[in-house]
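Following: one structure in structure tokens, then a few remarks.
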Protein chains: 2
Amino acid sequence: MAATLREVAERAGVSVRTVSNVVNDFPQVAAETRAKVQRALDELGYQPNAVARTLRNGRSGLIALVLPELDVPYFAELTRAVIEQAAVAGYTVVVDQTDGDPVRERELVMRGSRAAMFDGLIFNPLALGDADLRNRPSSTPVVLLGERVVQGGLDHIMIDNVGAAELATRHLIDLGRQRIAAIGDQFDETRRTGQLRTQGYRAALQSAGREVIAELVRPVEFFHRADGAAAMAELLALPEPPDAVFCYNDLLALGALRTILSRGLRVPEDIALVGFDDIEDGRYSTPSLTTISPDKNQIAKNAVQLLLNRLDGDRSDPAEISAGYTLELRESTTGRPV
Amino acid sequence: MAATLREVAERAGVSVRTVSNVVNDFPQVAAETRAKVQRALDELGYQPNAVARTLRNGRSGLIALVLPELDVPYFAELTRAVIEQAAVAGYTVVVDQTDGDPVRERELVMRGSRAAMFDGLIFNPLALGDADLRNRPSSTPVVLLGERVVQGGLDHIMIDNVGAAELATRHLIDLGRQRIAAIGDQFDETRRTGQLRTQGYRAALQSAGREVIAELVRPVEFFHRADGAAAMAELLALPEPPDAVFCYNDLLALGALRTILSRGLRVPEDIALVGFDDIEDGRYSTPSLTTISPDKNQIAKNAVQLLLNRLDGDRSDPAEISAGYTLELRESTTGRPV
DNA sequence: AGCACTACTTGCAACGTTGCAAGCTCAGCA
DNA sequence: TGCTGAGCTTGCAACGTTGCAAGTAGTGCT
């Protein structure tokens, strides 16, 4: 097993170089020689050694997608889009999950040790920030996703969180809701998403002449269903519960929905809900979830394109791309179809 | 950037070998030399070249997890478990998505081209079967997951699909349901999961003295929410709709649930539902989903352990491990807590 | 017959790393 | 002074591949 060029060459009675020429389909090989070598290749079940090729050629054909959590549907769906885009260009994508652990992020992205097996990285950081990324010793090109980093000197794709959150909140205002809550605020400096969406939430309320009521803005540790369910329970325990909630992602909204329904309340009649991410779960929940839908395909396409440009030697200034989004109206705010 | 040992050696005025000794913390280096070299390392921002190391050492420290679909929550959750297990042993896991495409599966698993970058593979095949896998030319160890392959001559971890499906169906029988349907049957030879679960479904009905009604066993193309929703619509359109449905995975069940609720029917009062996989979505749906819960941690642990054994040179006969499962009772069959 | 040219094949070196064994320097001791 | 050995450093070779340039043989032309 794991025959090498040399072993094949010995068996076929030709030089290593000639075997390589056959393997790589070089035209300058006599038909007879080619047949002889091919037979030896088949007999030994030769498979080229990818590591040696990579060392020699400087290209592995592998791109790593480094994400916080794969079991968060948004990331799983984004992954699909990235894989499709990269396949078009002949690249294989492998995914790595960091859990936002700074140690793992650093190991994968900063130290060449593991990262250098890949031609490039698409990285959604949670722990690492501007400072870390600026003095990255490795020269493997990186494209950043998400809002964690503001000024990293690297290509960067994000969405306008403030604007999107404002749009979601304004939708609830337009529905005539009076006490609009928010679930997903975050204080930790490594979690900027929550802060930005709170900004948008406040902006929408203020520009509608509404007051921002502190107790209606609930912080969470993670953007998971359990956090949404817990935060919603707190909101329902208030003397004056909300009649609408903007959840900073769909998982929070699905958790909140579960809590609301389990109390016998109705959505949207008693409480309207808006989520963020447009994951598939939200289209099949009952009621289905009104949500901000980021253009995942655009994000993936841009990320892969920027990375490929860098691999082709593009030395231009880092790009900063803001991907599009729309508000998808569904039953959790519009009510069930009759 | 991307300084090499040689460049560091020149700068420090020592040999390449000495720099390597410093980098690898060999004891036999004079303190003064070490300091000098360290300075050069820092100044040049040296990072070891992982590809060259792998070529030299024959180990990359990377394991590939090759799965059909990452945006199927079961796989995403399994991935988390595998990553955790592998991390214990110092291995990094990268995930690759095949979509069950035979070309991609072959490229990743059969041809060494891409696979050989990894020390081992954990592979859940859809397209490749026994015949393909038996004459795999690559010598990278592989552990198989799932039911696609029966006799591949490779380590293999599965669950007892027939028994689990029987348990799920019997639960519905025990609830006194009269017309128990099944969603998820499959005919394609590459999709054995559906066939096995149908076997279990039939076995349960027969051992309870029930007839198997053909029109109540609905086939699907994929195990996705949309397929479940469509199949449920067909069932509801029957002259005598079912009063219980065993869905072959939770996504199908969630799709079916959506259809049922959208018709104004109640779960479980009108129709009881059982799923399979125990994904997080099913715990937060309303009603929450009774489901077969495969022991994902056991699957992951065994898979990683078997693979590591092979990497350590274990040459024993391929293992065939059946992972455990339980039936998780939730609201979709037991009703809401009052 | 001699030469040029085509058609094919080959050896060398290098990608960046590390195991091995040999090398050097110097202190300590007889 | 010469020898031993400890302490440290080094050169060589190899992992498996491919670019480069040079090599060989054979054909056709003059």
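Taken over segment B:52-77, residues that are under 30 Å from B:GLY100 (Cβ atoms) and either assigned to a strand (DSSP E or B) or at the interface with chain A (Cβ under 9 Å from one of its Cβ atoms) (or both) amount to 17.
Please indicate, with yes or no, whether at least one residue in segment A:214-221 is within 24 Å of A:ASP295 (Cβ to Cβ), surrounded by 22 or more Cβ atoms within 10 Å (Cβ to Cβ) and more than 14 Å from chain B (Cβ to nearest Cβ).
From segment A:214-221, those within 24 Å of A:ASP295 (Cβ to Cβ) are none; that's our starting set.
No.
On the basis of being crowded, with 16+ Cβ neighbours inside 10 Å, in contact with a Leu (Cβ under 7 Å, 6 or more places away or on another chain) and closer than 30 Å to B:ILE279 by Cα, does A:ALA226 make the cut? Considered against the rule, which asks whether it is crowded, with 16+ Cβ neighbours inside 10 Å, in contact with a Leu (Cβ under 7 Å, 6 or more places away or on another chain) and closer than 30 Å to B:ILE279 by Cα, A:ALA226 comes out as no. Please indicate, with yes or no, whether at least one residue in segment A:168-177 is over 29 Å from B:LEU78 (Cα atoms) and acidic (Asp, Glu). Yes; the residues of segment A:168-177 include at least one that is over 29 Å from B:LEU78 (Cα atoms) and acidic (Asp, Glu). The set of residues in segment A:264-285 that are on the phi > 0 side of the Ramachandran plot and within 11 Å of another protein chain (Cβ to nearest Cβ) contains only A:GLY264. Criterion applied to B:ALA300, B:ALA256 was being over 27 Å from B:VAL212 (Cα atoms) and among the aliphatic types (A, V, I, L, M), and the one residue passing it is B:ALA300.
Select from segment A:1-18 the residues that are surrounded by 18 or more Cβ atoms within 10 Å (Cβ to Cβ) and near DNA strand C (Cβ under 8 Å from one of its atoms) and list them in ascending order. Hits for segment A:1-18 are A:ALA9, A:VAL14, A:THR18. Condition test on B:GLU84, is it assigned to a helix (DSSP H, G or I), away from DNA strand D (no atom under 16 Å from the Cβ) and among the acidic types (Asp, Glu)? Judged against the criteria, B:GLU84 is a match.
Restricting segment B:286-307 to residues that are within 14 Å of another protein chain (Cβ to nearest Cβ) and among the polar types (S, T, N, Q), the residue that is farthest from B:LEU252 (Cα to Cα) is B:ASN297. Each residue in segment A:85-100 was checked for being within 10 Å of another protein chain (Cβ to nearest Cβ) and either under 21 Å from B:MET117 (Cα atoms) or out of contact with any Asp or Glu (no Cβ under 9 Å at 6 or more places or on another chain) (or both), and 8 pass. Do the conditions hold for A:VAL8, that is, is it in contact with a Pro (Cβ under 8 Å, 6 or more places away or on another chain), within 14 Å of another protein chain (Cβ to nearest Cβ) and either farther than 22 Å from B:LEU55 by Cα or within 10 Å of DNA strand D (Cβ to nearest atom) (or both)? Considered against the rule, which asks whether it is in contact with a Pro (Cβ under 8 Å, 6 or more places away or on another chain), within 14 Å of another protein chain (Cβ to nearest Cβ) and either farther than 22 Å from B:LEU55 by Cα or within 10 Å of DNA strand D (Cβ to nearest atom) (or both), A:VAL8 comes out as no.
Quick check, is B:ALA226 more than 30 Å from B:VAL103 (Cβ to Cβ), among the hydrophobic types (A, V, I, L, M, F, W, C) and in contact (Cβ under 8 Å) with a residue 24 or more places away in the chain? Explain how you work it out, then say what you get.
Details: more than 30 Å from B:VAL103 (Cβ to Cβ): no; among the hydrophobic types (A, V, I, L, M, F, W, C): yes; in contact (Cβ under 8 Å) with a residue 24 or more places away in the chain: yes.
No.
What are the residues in segment A:17-51 that are in a helix (DSSP H, G or I), near DNA strand D (Cβ under 10 Å from one of its atoms), under 44 Å from the mean Cα position of the chain (by Cα) and touching a residue at least 12 places away in the same chain (Cβ under 8 Å), if any?
The first filter runs over segment A:17-51 and keeps only residues in a helix (DSSP H, G or I), leaving A:17-23, A:31-44, A:50-51.
Now drop any that are not near DNA strand D (Cβ under 10 Å from one of its atoms), which leaves A:17-23, A:50-51.
In the following step, the residues that additionally are under 44 Å from the mean Cα position of the chain (by Cα) were identified as A:17, A:19-23, A:50-51.
Passing the criteria: A:VAL19, A:SER20, A:VAL22, A:VAL23.
Quick one: is B:LEU261 within 11 Å of chain A (Cβ to nearest Cβ) and more than 22 Å from B:PRO219 (Cβ to Cβ)?
Values: within 11 Å of chain A (Cβ to nearest Cβ): yes; more than 22 Å from B:PRO219 (Cβ to Cβ): yes.
So B:LEU261 passes the test.
Looking only at segment A:52-65, which residues are surrounded by 18 or more Cβ atoms within 10 Å (Cβ to Cβ) and more than 10 Å from DNA strand D (Cβ to nearest atom)? Correct list: A:SER60, A:GLY61, A:LEU62, A:ILE63, A:ALA64, A:LEU65. The set of residues in segment A:263-310 being under 14 Å from the mean Cα position of the chain (by Cα) and part of a helix (DSSP H, G or I) consists of A:LYS296, A:ASN297, A:GLN298, A:ILE299, A:ALA300, A:LYS301, A:ASN302, A:ALA303, A:VAL304. Looking across B:ALA116, B:ALA165, one residue alone is farther than 30 Å from B:GLY209 by Cα and either more than 14 Å from every other protein chain (Cβ to nearest Cβ) or crowded, with 22+ Cβ neighbours inside 10 Å (or both). It is B:ALA116.
Against the numbered list (1) closer than 21 Å to A:ALA50 by Cα; (2) within 11 Å of another protein chain (Cβ to nearest Cβ); (3) not basic (Lys, Arg), B:LEU133 comes up short only at (2).
Among the conditions (1) closer than 26 Å to A:THR92 by Cβ; (2) surrounded by fewer than 20 Cβ atoms within 10 Å (Cβ to Cβ); (3) away from every other protein chain (no Cβ under 14 Å), A:GLU328 misses just one, which is (1).
Here, each number is a calculation from the coordinates, and none is a lab measurement. Remember, it's a predicted structure, so these values are computed and weren't measured experimentally. Note that each Cβ is placed from the backbone with ideal geometry, even for glycine, and that neighbours are counted across all protein chains shown.
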